1. Being within 13 Å of Phe191 (Cα to Cα) and among the acidic types (Asp, Glu) is the filter; apply it to the stretch 207-229 and report the residue that is surrounded by the most Cβ atoms within 10 Å (Cβ to Cβ).
2. State whether the residues of the stretch 269-280 include one that is over 24 Å from Ala174 (Cβ atoms), among the aromatic types (Phe, Trp, Tyr) and touching a residue at least 60 places away in the same chain (Cβ under 8 Å).
3. Let me confirm something: among Pro249, Pro190, Pro265, which residue is surrounded by fewer than 20 Cβ atoms within 10 Å (Cβ to Cβ), touching an Asp or Glu at 6+ places or on another chain (Cβ under 7 Å) and under 30 Å from Pro19 (Cβ atoms)?
4. Where the second residue is of a type in the set (Ser, Thr, Tyr) and surrounded by 24 or more Cβ atoms within 10 Å (Cβ to Cβ) and the first is in a loop (DSSP other than H, G, I, E, B) and lies in the stretch 71-82, which pairs have Cβ atoms under 8 Å and are six or more apart or on separate chains?
5. So which residues in the stretch 233-256 are at pLDDT below 95 and either over 17 Å from Leu301 (Cβ atoms) or touching a Cys at 6+ places or on another chain (Cβ under 6 Å) (or both), if there are any at all?
6. Go over the candidates Ala271, Ala319, Ala303 one by one and state the one that is in a helix (DSSP H, G or I) and surrounded by fewer than 23 Cβ atoms within 10 Å (Cβ to Cβ).
7. Please verify whether Ser74 is more than 19 Å from the chain's Cα centre (by Cα), farther than 24 Å from Asp163 by Cβ and either among the acidic types (Asp, Glu) or surrounded by fewer than 24 Cβ atoms within 10 Å (Cβ to Cβ) (or both), treating the condition exactly as stated.
8. In the stretch 138-168, what count of residues is obtained for those that are buried (at least 20 other Cβ atoms within 10 Å of the Cβ) and at pLDDT 90 or above?
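The values are calculated or read from the model by the stated rules, or taken from the named source; none is laboratory data. Only a predicted model underlies this, so the values are computations on that prediction, with no experimental measurement involved. No Cβ is skipped: glycine too gets one built from the backbone with ideal geometry, and neighbour counts run over all protein chains shown.
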Amino acid sequence: MSGFDVIGIGNAIVDVIAPAEDTFLDHMGIEKGIMQLIEKDRAEVLYSAMTERTETPGGSVANSIAGIGGLGLSTAFIGKVKDDALGRFYAKGMEDAGTSFPNAPIADAASATARSMIFVSPDGERSMNTYLGAGADLSSADVPDVFAGGGILFLEGYLFDKDEGKTAFSEAAAKMHAAGGRAAITISDPFCAERHREDFKRLIADEMDIAIGNADEWMTLYQTDDLDAALAQAAAVCDIVACTRSGDPVWAYEKGAKIEAPVTPVVPVDATGAGDQFAAGFLYGLAAGRDLETSAKIGVLMASEVIGHIGPRPKADIAQLIGSAGLSE
């Protein structure tokens, strides 16, 4: 198993998506618009309360990797699932979508397969309730040797909640660099930036070639309300930095030089996966040798497509959309 263009490491989570009125969120004690970590018992209560469920293999970086694979690059996703119904569903779903899932479901995993109950309000806002389960238990022992030939390694900030995940990240990044490739990270969430500030700042400065986040994540990481100042700090120590800004133009930096990629604001049907698919398009562009501005524009295009429907992965022919937008080579 070698020669992948992009390899992701992250939480292997089954996304369970359902529409929900704000009154339902209030009744169930769900805080609107954020991601909350929950225990298995709470996960089962919320799952049973959902109607019109859409289930899909998910997790932030896994969604990005699937988006990249859909554009024709060779991809692999390294995650951990239990050998239960959801775990088998996850592994098969990734493989069926064209992304290699080298870790077989584990029969004696200590926790059940992770799942995230995502409630989508009429305004498109998503409220995520996530049981991390087996996905959060990933360690160096779960990282197979798949780095021959280089490429881009994409790491998920959420995995930093356990020391084993931190070690797995650093070792994988070192292996990718040794193979001649690059390492990228998504900050994942402002809460991640708050919890892991020093680790993330060190990683971005010393071990990452590419770093992706949104405005709140970058400002939280560098403890400032001045987005320009936050990104200047990141761009001074990391080759490529990207920042999504909701309906405003994306800002990206390469060796300190800044570009903007315009965004056409739309009311989302479901904001799930917008950041994940921006990362997919952006990393696809970089992996395919495109320039920074084109890569950012492909990211914006993919994010725009995914918020137009329920679910965190593209449904349209993205390659065709890229061609129609004049972004093909």
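1. Glu217
2. yes
3. Pro190
4. Hits for this filter: Leu71/Tyr284; Leu73/Tyr284; Gly79/Tyr90; Val81/Tyr90; Val81/Thr113.
5. If the condition is that a residue be at pLDDT below 95 and either over 17 Å from Leu301 (Cβ atoms) or touching a Cys at 6+ places or on another chain (Cβ under 6 Å) (or both), then Lys255, Gly256 are the ones that fit.
6. Ala319
7. Against the criterion (more than 19 Å from the chain's Cα centre (by Cα), farther than 24 Å from Asp163 by Cβ and either among the acidic types (Asp, Glu) or surrounded by fewer than 24 Cβ atoms within 10 Å (Cβ to Cβ) (or both)), Ser74 does not qualify.
8. 12
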